[in-house]
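Asker: Pasting in a structure now, in C-alpha cells, and then I'll have a few things to ask.
Please treat every number below as a calculation from the coordinates, not as lab data. Values in this document were obtained by computation on a predicted structure and should not be read as measured data. Cβ: placed from backbone, ideal geometry, glycine included. Neighbour counts: every protein chain shown.
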Amino acid sequence: MGVGVRRIQPSRLSGGVNAIRKKYISWLYAELPDLVGRNILSPEAAGRLREYYGGFGREGKRNIASTAFAILAAILIGSGIILLLAHNWDDLSREIRAVISFVPLVFAQVLAGWGIWRGKDSRGWKEGISIFWMLAMGSSLSLISQTYHLYNDPDTFTLTWMLLSIPISYLIGGGAIIPLYLLGITIWTGMTQSLGGHPTFFWLLISLPLPYIWAISRKAPYRSGPVLLRASFTISLIIGTAIILADVLDEYWVLIFSSIFAITYLVGRIWFEEAPRRVGLQPLRAIGSSGLLVIAISATFKSSWKDFARQESFSFSPEIILTLVLLAGAICLFLLCLVRFKGSGGLLGSMVLVALAGTVLARSGAAIGINIVLFTAYVFVLGLANLLNGIKERNIGLINLGMVIICLLIVVRFFDSNLSFTVRGVAFIVTGIGFLITNIIILRKK
C-alpha cells in the first residue's frame, strides 16, 4: 500500500519557518533579563542581540510603543508651552520677554544634560527629548525674533532654526527630528526659489543628516527607524530637486521626474535587494516604482504634450546641465541593474529611455499621437509583465498589480478619447469579470 505524501507549497513552508523563527526569538527575548541578572550576558551583549534580531517579541513592540508615546508627549508639551507664551505675550515687558524666551531652551538643555550624565539609553527618552529640544529652540528663536525684530523673513528664520537643530540628533542620538529637519529645509527651498534666492544650497543642507542615517542603517538597515529616515530623505530630495528645476519643468517634466524616480527605484533595487519583501521595508523601490507608474500614465494624456514648448535653440543653463546629469545617472544605474540581475527589474528602469525618446520627439515637433502611443504601449507592457510573472509564480499580489495597471490604462485612454459611454461601460464590465475569474483560478490552484 502506497504512502501519500502531501506536497508543501514553498510559500507555506516559508511562512511556517518565519513563524517558528519568531517563536524562538520571542523566547530568547524573554530569557535575556534573567541571563543579564545572572551575569551570563552583559547588558551590552543583550542589546546587541536585540539589535541583530530586530523588533520580534514583546520587547520590540514595547520599545516602538514607548518611542511613539515619548515623541507624542514631547510634541504636545512643546506645543502647549508655545501656546501659553503666545497667549500672554503682549502683556509682558521686553526684559521679561527676553528672559522667558530662553526658559524652554534652557530647560530642554538641562534635561538633556541630566539624561546624558545619568547614562539614559532608552530610545523613547532620546527621541522625546530631541523633539522637545527642537521645538524649544524654535520657540526661543521666534520669541527673541519678535521681541528684537531679528528675522523679518520666514526663510531666514526657518534656515536658522533647522541649522541649530540638526546637531541635536548627533549629540543625543535621536533620529526623530531628522524628518522634521528635512521638512524644514524643503520648505525653505520652496520659499527661497519663490523669492529669487539660491535654492541650490539645498543639497548641502540635505547632506548634513546623512552621516547619522548611514550610521544607524549599517547597524540595523531594515528596522523601522532607519527605513523611515531613508524614506524621508528620499522624499525630501525628490521634492527639493524638483523645486530647483522649476524653471525647466514645463518643457522637461517627463524626463526630469522619470530620471529622479528611476534613480530612486534602481538604488533600492541594487543596494537594498536583500530587504524583506514588504513595501514598508523597501521605501526606495516603492517610491521609485510608484512615481514611474504615475509619470508613465500621466504621459498618455494629450494635455501632457499639447502645450510642449518647442525652441529653435538649445542653451546649456545650470538647470539643463543638472537634468542631463540626472539622465546620465539613471541610464548608468539602469545598465548596472541589467548586468547585475541579468535583466530582472530592467523594465521599470527602462522608463528613463522611453521618457528620453518622448522628449526628443516632442522637441522635434512630431505629432502628439506618437508619444501617446509610445507611453500607452509602455504602460501596457508593464502591466502585462506583472500579470504574467504573477501567473507564473502563482503570486496573487503581482497578478492584481498587473491587472490594476492595465485597468488604469483603460480608464485613462477611455476618458481621454471620444468613445461613447456604452463602449466604456462594456469595457469596464469585461475588465472586472477578468479580475474575478483570474483571482478565482489562481486561488484554487494555490
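Asker: Evaluate E = 1/(1 + (r/R0)^6) for T200 and D247, where r is the Cβ-Cβ distance and R0 equals 22 Å; express this FRET efficiency to the nearest 0.05.
Answerer: Numbers: r = 12 Å, r/R0 = 0.56.
The value I calculate is 0.95.
Asker: Once label points are set 7 Å from the Cα along Cα→Cβ at both S317 and L336, what is their separation, rounded to one decimal in nm?
Answerer: Output for this residue pair reads 3.0 nm.
Asker: Separate question: Going by average Cβ neighbours within 10 Å, how do the peptides 170-176, 367-373, 255-261 rank, with the highest at the top?
Answerer: 255-261, 170-176, 367-373
Asker: Sticking with the crude label model, points 7 Å out along Cα→Cβ, report the distance from F107 to L49 in nm, one decimal please.
Answerer: 4.1 nm
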